[in-house]
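In what follows, a structure is listed as structure tokens, so that the remarks can point back to it.
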Amino acid sequence: MKWFYINAKQAADTAQEIFIFGDIGESWFGESITAKQFVDELAALDTALPLTIRINSIGGSVIDGLAIYNAIKRHEGEVTVSIEGIAASIAGLIAMAGDTVEIAENARLMVHAPWGSTAGNAQKLRQYADQLDAWAESMCACYVAKTGKPRDEMLALLKDGTDHWYSADEAMA
């Protein structure tokens, strides 16, 4: 069963919608959308028409999320992202791809450092930590582009190890 879908409305209706309700990237639970699935389905839409993306996701893979973000940014038509329930972690970053971002009054946005797990010797663990820092740098560029806030301020959110939860009002500010 697919846990996301795209709805291209018919004929006179020029609205197109994408629903991302589930994990980003491969998931053990099957409720996920990979970058490849997203890009394949997005390619079937009219790139000149407006697009609304509705998100309710706790996040997932940084790699898939960045690819989804970039695919959305390439869409030629106006893109509105609507956070319907939660946009956490990489799902929150995907939300930043919209020309306009809306958030339901009772919804939440969460920003935090990329994380994961690995095994290995001390050298391997240091390399993994460096990779996480590199992903934080990549993510930072997206937040800076959307908010206009200083790079150092956005990078601090991605490197301090804290989950930053925002209400609708806080997120919009």
Practice item. Take peptides 62-73, 40-51 and line them up by average Cβ neighbours within 10 Å, highest first, as a rough protection proxy. Key: 62-73, 40-51
Check your understanding: How large is the helix-only mean residue ellipticity at 222 nm for the chain, computed as the sum of -39500 (n - 2.57) over DSSP H runs with n ≥ 4, divided by its residue count, in deg cm²/dmol to the nearest 500?
Key -> -12000 deg cm²/dmol
Revision key, fill the gap. Checked the chain with the C-alpha gyration tensor, a ≥ b ≥ c its square-rooted eigenvalues, rounded below a/c of 1.5, otherwise prolate if a/b is larger than b/c and oblate if not; verdict prolate
Practice item. Choose one of ALA107, LEU125, ALA136: the residue whose Cα lies farthest towards the positive end of the charge dipole of the stretch 97-172 (beta-carbon charges +1 Lys, Arg; -1 Asp, Glu; about the Cα centre). Key: LEU125
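Could you sort 158-170, 130-142 so that the peptide with the highest average Cβ count within 10 Å comes first and the rest follow in order?
The densest-packed peptide leads the list: 130-142, 158-170.
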Point to revise | Gyration tensor verdict on the stretch 33-115 (Cα atoms; rounded if a/c is under 1.5, prolate if a/b is larger than b/c, oblate otherwise) | key: oblate
Review point. Taking all protein chains as present, what is the carbon and sulfur share of the accessible area of the stretch 53-160, in % to the nearest whole number, probe 1.4 Å?
Key: 51
Study note, to complete from the structure: With label points set 7 Å from each Cα along the Cα-to-Cβ direction at ILE63 and ALA44, the distance between them in nm comes to 2.5
**Study point:** Per residue accessible area in Å² of the chain, where ligands, DNA and RNA are left out and the probe is 1.4 Å
**Key:** 54
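The values are calculated or read from the model by the stated rules, or taken from the named source; none is laboratory data. As the structure is a computational prediction, the values presented were derived from the model and not from experiment. Cβ: placed from backbone, ideal geometry, glycine included. Neighbour counts: every protein chain shown. In case anyone asks, the SASA skips ligands and DNA or RNA and just uses the protein heavy atoms, side chains included. Shrake-Rupley method; radii C 1.70, N 1.55, O 1.52, S 1.80 Å.
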